[in-house]
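In what follows, a structure is listed as structure tokens, so that the remarks can point back to it.
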Amino acid sequence: MPPGSSPAVFDRIAPTLFVLIWSTGWISARYAADDADPLTFLSLRYAFAGAALAVFALAAGATWPRTARAWGHALVSGVLLHAIYLGGVWWAIRHGLPASISGLLAAIQPILTALLAPRLIGERITMRQWAGVLIGLAGLAAVLAPKLAGLEAGAIAAALGPLAINAVAMISATLGSFYQKRFLGAGDLRTMTVAQYLGALLATAPIAFLVEPMRIVWTPTIVATMAWSVLALSIGAISLLLLLIRHGAVARSAALIYLVPPTVAVEAFLLFGETLAPVQIAGAALAVLGVALATPRRA
């Protein structure tokens with residue numbers, strides 16, 4: 001909590017600030033798309049963020065994982081939560097998926113969580129959650145339909161590729177959340193995050209070397225995007241979330257997280273001119289409602 005600020009002020013401001021910062025992840029992907037290969041950019045982002053956090057953890061005397069098993073779980077979690085999730089989102093945006101649509105797709109993750117919870121952690125899905133799943137899927141269909149309508153078969157196939165990759169990324173984030181809950185319930189989060197970024201780097205860099213020319217042009221835009229991605233997203237947003245947990249504002253921030261899709265849409269409209277048709281705006285509202293209904297109240 002910033003010096004001189006009261007817990008009440010922090011609890012009011014921090015959740016909104018977290019949503020605003022988190023939503024810029026899709027905007028950063030769009031800004032980087034023209035001057036950097038996505039996996040190359042992310043490899044550097046993981047390296048810079050991991051190194052900065054490692055220095056901070058060492059200076060703070062944080063406890064590092066003590067066993068090979070703990071390191072292994074942290075590395076796998078990093079692959080799921082960062083390498084596949086962010087890699088899929090950034091690749092999809094680089095290959096033409098609008099940032100606003102990608103932001104909406106990623107925010108449907110709680111619906112997948114509701115569907116998988118009974119099998120993975122034994123939670124029962126209520127009628128309210130099933131209603132949320134159906135409403136969310138209907139909203140998603142309404143958002144995507146205008147993008148695909150009227151396209152020729154080849155164009156539809158080209159559009160389905162980025163959508164499919166974004167969906168895989170969303171599934172990976174969901175599985176990563178379950179994995180973290182199951183295997184990383186203890187340990188210092190600062191050093192665990194360093195290990196996660198190491199896992200993401202080890203998974204992403206070789207693929208970038210194999211499938212990309214590893215092009216990155218250090219324009220002022222790329223430098224600013226990298227700085228924002230490392231400092232604000234990879235370090236700032238995560239640190240802010242930890243402070244929210246410590247100060248008991250998680251319940252309020254959980255409701256605000258549903259504002260990420262419309263926030264991304266507004267930012268994409270202002271910065272890139274991306275627009276949503278009325279049916280897509282209605283579909284986005286339905287999807288957000290579905291996410292809210294499908295997420296357990298205790299979350």
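All of the numbers you see were taken from the coordinates with simple rules; none came from a lab. From a predicted model like this one, the values you see are computed outputs, not experimental measurements. Don't worry about glycine lacking a Cβ; one is built from the backbone with ideal geometry, like all the others, and counts go over all protein chains shown.
The figures follow:
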| quantity | calculated |
| --- | --- |
| W130 paired with V217, simple spin-label distance in nm, labels 7 Å along Cα-to-beta-carbon | 5.4 nm |
| Packing-based exposure ordering (other Cβ within 10 Å, fewest first) of V19, V230 | V19, V230 |
| Residue order, fewest to most surrounding Cβ atoms within 10 angstrom, among V279, V260 | V279, V260 |
| Rough spin-label spacing in nm, given labels placed 7 Å along Cα→Cβ, for V279 and V168 | 2.9 nm |
